[in-house]
């Protein structure tokens with residue numbers, strides 16, 4: 001069997017395998033959150049969010065919706081150098097994201113049952 005025939009068989013098997021995976025996993029909400037950044041954001045997203053008074057005041061003064069936090073938690077970047085990941089009982093994370101309104105940074109206290117958004121500030 002020459003190289004071209006082997007490549008053809010491999011291609012057919014590969015296409016069939018991808019088709020089977022798409023069929024079985026097509027309707028599922030499967031995600032591949034393997035990086036520390038993605039795992040942290042997903043962990044915070046899945047918890048009840050509590051906003052501090054300073055955050056609610058900031059949003060009211062700048063005419064922003066609290067949905068901005070959801071947007072930041074979907075694709076934000078966790079600054080692990082600035083965050084306190086060893087603090088007990090609640091870890092503190094700093095998450096930043098560039099939005100059309102500017103770049104924002106959130107300070108979030110991540111507890112077992114809830115995530116408390118402690119502060120928000122516009123970076124640029």
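The values are calculated or read from the model by the stated rules, or taken from the named source; none is laboratory data. Small disclaimer: the values here were computed from a predicted structure and weren't measured. Cβ atoms come from the backbone with ideal geometry, glycine included; neighbour counts cover every protein chain shown.
Descriptive notes on the structure:
- The residues of segment 99-117 that are farther than 16 Å from residue 39 by Cα and either without any contact (Cβ under 8 Å) to a residue 12 or more places away in the chain or crowded, with 16+ Cβ neighbours inside 10 Å (or both), listed by number, are 100, 104, 105, 106, 107, 116, 117.
- Within segment 85-105, the set of residues being out of contact with any strand residue (DSSP E or B) (no Cβ under 6 Å at 6 or more places or on another chain) and more than 16 Å from residue 72 (Cβ to Cβ) comprises 86, 87, 88, 89.
- Residue match in segment 42-49 (condition: in a helix (DSSP H, G or I) and more than 19 Å from residue 90 (Cα to Cα)): no
- So residue 74, is it at pLDDT below 90 and assigned to a loop (DSSP other than H, G, I, E, B): no
- Filter pass, residue 40 being within 20 Å of residue 114 (Cβ to Cβ) and either surrounded by 14 or more Cβ atoms within 10 Å (Cβ to Cβ) or not assigned by TED's automatic domain parsing to the domain that holds residue 118 (or both): yes
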